[in-house]
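Report on the structure given below.
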Amino acid sequence: MRCITVPATEEDPIPVIEFVEEQLSPYDCSRKALYQIEIAIEEIFVNIVRYSGLPADDGVEICCEVLEDPLRMTLRFRDGGTPFDPLAAGDPDISPEALEAREGGLGIFMVKQMMDSVSYAYEDGKNTLTLLKSLG
């Protein structure tokens with residue numbers, strides 16, 4: 001598993017996306033899976049930076065591991081911000097009426113739909129959100 005730490009002051013997910021793409025480059029990852037991973041990274045990273053309450057000099061640790069047979073990826077986000085389980089609220093109402101009235105709040109729902117699994121834990125004073133995605 002390879003990891004990077006990105007400053008919590010920057011909402012730009014590009015360094016994280018580039019890091020993950022570098023980890024995936026030796027593998028035959030489907031374009032659809034890569035696109036879904038990029039969307040998930042943007043949703044999660046930006047939300048951590050905006051809402052976690054991390055001090056400006058703290059960072060978000062992102063770890064990526066590619067597993068073979070079957071080809072899949074584990075992506076882990078860790079931060080020392082305020083404990084928050086984004087999975088606890090359950091899925092939002094996505095009826096046309098509710099969507100019309102809603103302002104935001106669909107990011108984690110989209111991530112859950114695109115990834116094979118999403119899990120949360122608060123361990124050692126850190127929020128840990130782990131994604132698993134098939135790359136085929």
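Out of the residues in the range 109-125 meeting the condition of being touching a residue at least 40 places away in the same chain (Cβ under 8 Å) and either assigned to a loop (DSSP other than H, G, I, E, B) or more than 16 Å from N47 (Cβ to Cβ) (or both), tell me which one is least open to solvent (accessible area, probe 1.4 Å).
Just the residues of the range 109-125 that are touching a residue at least 40 places away in the same chain (Cβ under 8 Å), to begin with: 110-111, 114-116, 125.
Keeping just the survivors that are either assigned to a loop (DSSP other than H, G, I, E, B) or more than 16 Å from N47 (Cβ to Cβ) (or both) gives 115-116, 125.
On the way: M115: 11, D116: 94, G125: 38 Å².
Here the answer is M115.
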Only unsatisfied item for I94, checking (1) among the β-branched types (V, I, T); (2) within 30 Å of S25 (Cβ to Cβ); (3) modelled with pLDDT under 95, is (2)
Which listed residue, of E68, E38, E22, E61, is among the acidic types (D, E) and at pLDDT below 95:
E68
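For the range 1-88, give me every one of the strands (runs of 3 or more DSSP E) that falls completely inside it and has 2 or more residues that are closer than 15 Å to K133 by Cβ and open to solvent by 40 Å² or more (accessible area, probe 1.4 Å).
Numbers: elements: 2-7, 59-67, 72-79.
Of the strands (runs of 3 or more DSSP E) lying wholly inside the range 1-88, those with at least 2 residues that are closer than 15 Å to K133 by Cβ and open to solvent by 40 Å² or more (accessible area, probe 1.4 Å) span 59-67, 72-79.
The values are calculated or read from the model by the stated rules, or taken from the named source; none is laboratory data. Only a predicted model underlies this, so the values are computations on that prediction, with no experimental measurement involved. All Cβ positions, even for glycine, are placed from backbone atoms using ideal geometry, and neighbour counts span all protein chains on display. Areas reflect the complete protein model, heavy atoms only, side chains present, ligands, DNA and RNA absent. Shrake-Rupley method; radii C 1.70, N 1.55, O 1.52, S 1.80 Å.
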